[in-house]
Amino acid sequence: SLASTAITCFTRGLDLRKETEDVLCPANCPLWQFYVFGDGVYASLSSICGAAIHRGVITSAGGAVRVQTLPGQENYPAVNANGIQSQVLTRWASSFSVTRTKNTVLEAVGQSVSTARPSTGKRPKKPLDKKAGNKDCKADIAFLMDGSYNIGQRRFNLQKNFVGKVAVMLGIGTEGPHVGVVQASEHPKIEFYLKNFTAAKEVLFAIKELGFRGGNSNTGKALKHTAEKFFSLENGARKGIPKIIVVFLDGWPSDDIEEAGIVAREFGVNVFIVSVAKPTTEELGMVQDIGFVDKAVCRNNGFFSYQMPTWFGTTKYVKPLVQKLCSHEQMLCSKTCYNSVNIGFLIDGSSSIGDSNFRLVLEFISNVAKAFEISDIGSKIAAVQFTYDQRTEFSFTDYTTKEKVLSAIRNIRYMSGGTATGDAISFTTRNVFGPMKDGPNKNFLIVLTDGQSYDDVRGPAAAAQKAGITIFSVGVAWAPLDDLKDIASEPRESHTFFTREFTGLEQMVPDIIRGICKDFLDSKQ
């Protein structure tokens, strides 16, 4: 009998690592919050416990479920069963089914899926499909190797041996981790990309062939270059797979590394620093910034920094590093403000705006939306237009590509009527954000209005904020500042925008995007 892993109400099929896994669903998950796609065969985007209740395997009292991974398919149907309405999905890359488990020993319920030990590339009883690689380790990794005079030719060769061992143990393969190498010296050089090799043997050969470059150890420059250029889709980065840079540093960097760390975090890259032979007390005076490790790593929580005393006898350091790199759920920097937000636009359609100004409003919305990575697993956009009445133009789940969202914004028809902003905020909180309530993304609402509201805005805005929605208010022309401040989240100054003319909306776009990113980062600290 197998032990079951306790999971949460929101653990999805794609969060599991094994082909077949026994899990334990908690009791009293709120049914209306489940995202379930399909019937019998569920898209792996679905909540496991939601699917199990939908299928009748368990009730809302929770219990044990066996999850079997299945291939992806097209046209998952929407079916209402056992109090859960599943949704349609045109296609998804993988699926799962749920059945009752046979005689399992249940582990302590306190253990959630994220504490399950990361795979180390060794799996019992199942021959590793050589080509596919270690499917349990999902990662796109750039090894940023030190090629500076600090390390010298001899230690550079020892570094190559170590990186080679790490690459082999990762279990590189078509469906496993992919790796590339960048050499840092005076100028960074991308030696090979993720797409170049998908077999450990080839990678090992490519690493052996690397020539030592020499020069200053401009690690900051190399880290920034790698974060910006290495992980493009055309260079082989995969959608939804954590991006990782492992920086090897002999001694210390010659340049500033802090800005590079910020850029990497903005690009959703998880930076690890492996420091070897860290500076001695005598050498510290030569180090530009003693806290260089803490400033460059993804999070300063101990997980992302790794130390080895020398390049000799490093074999015992291989496995713990591989375990870290395969801990999918610890990659805190994969989520960025660009790929992990829901942004709702609440648009004033009152008659004082007029057709041509309404076009400028839509252009403003498009320009804000354009900045985000909109996809089924990324950021989402919704829009509601209001007068005395409200009309949902499109909800968060209607469009999952940037093109479709932008075309839907262009097609919004101007309503023309009165202004009941308070009612509209309540309507949007309930109907547009309600279904997203416990999803993974952070929720933002941008309210655009050109005049005085006929109803109270303070109560509805407070309720929206209590429901976890951050509000930016954007006023034009006759919108009273008091209303705008009452609508906006704290600190109100940075969440309230005003322009006399509709043509002034364009200049606000970068500030709004920056505001969303700042709030997103603050919420993660």
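The values are calculated or read from the model by the stated rules, or taken from the named source; none is laboratory data. Source: prediction; values computed, not measured. Cβ coordinates were reconstructed from backbone atoms using ideal geometry, including for glycine residues, and neighbour counts include every protein chain displayed. All accessible areas refer to the heavy atoms of the entire protein, side chains included, with ligands and DNA or RNA removed. Shrake-Rupley method; radii C 1.70, N 1.55, O 1.52, S 1.80 Å.
Quick look at the numbers
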| quantity | calculated |
| --- | --- |
| Within the accessible area of the stretch 125-212 (1.4 Å probe), percent carbon and sulfur | 56 percent |
| Karplus-derived HN-Hα couplings along the stretch 428-440 (A = 6.51, B = -1.76, C = 1.60, θ = phi - 60°), whole Hz, x at Gly and Pro | 5, 4, 6, 8, 9, 8, x, x, 9, 2, 10, x, x |
| All aspartates and glutamates inside 20 Å of Lys324 as judged from Cα atoms, apart from same-chain residues fewer than 8 positions distant | Asp15, Asp136, Asp140, Glu175, Asp294 |
| Residue-count net charge about Pro435 - beta-carbon cut-off 12 Å; Lys, Arg +1, Asp, Glu -1 | +1 |
| Dmax and Rg, reported as Rg then Dmax, of the stretch 407-451 (C-alpha, Å) | 12.9, 36 |
| Normalised per residue, the volume of the convex hull around the Cα set of the stretch 416-525 (Å³) | 104 Å³ |
| Per residue value of the accessible surface for the chain (all protein chains in place, 1.4 Å probe), Å² | 44 Å² |
| Partner lysines for Lys278 [C-alpha distance under 17 Å; skip if fewer than 8 residues away on the same chain] | Lys295 |
| Packing-based order for 158-169, 18-29, using average beta carbon neighbours within 10 Å, highest first | 158-169, 18-29 |
| Pairwise label distance in nanometres, Asp456 with Ser494, each label 7 Å out on the Cα-Cβ vector | 3.0 nm |
| When the chain is reduced to its Cα atoms, the Kirkwood hydrodynamic radius in Å | 25.4 Å |
| Vicinal HN-Hα couplings computed from phi for the stretch 223-234 (Karplus, 6.51 cos²θ - 1.76 cosθ + 1.60; Hz; Gly/Pro x) | 5, 5, 4, 5, 4, 7, 10, 6, 9, 6, 4, 5 |
| The chain: relative contact order as a whole-number percent, Cα under 8 Å and 6+ apart | 9 percent |
| Residues with amide H under 5 Å from that of Gly63, placed H, sequence gap 5 or more | Cys25 |
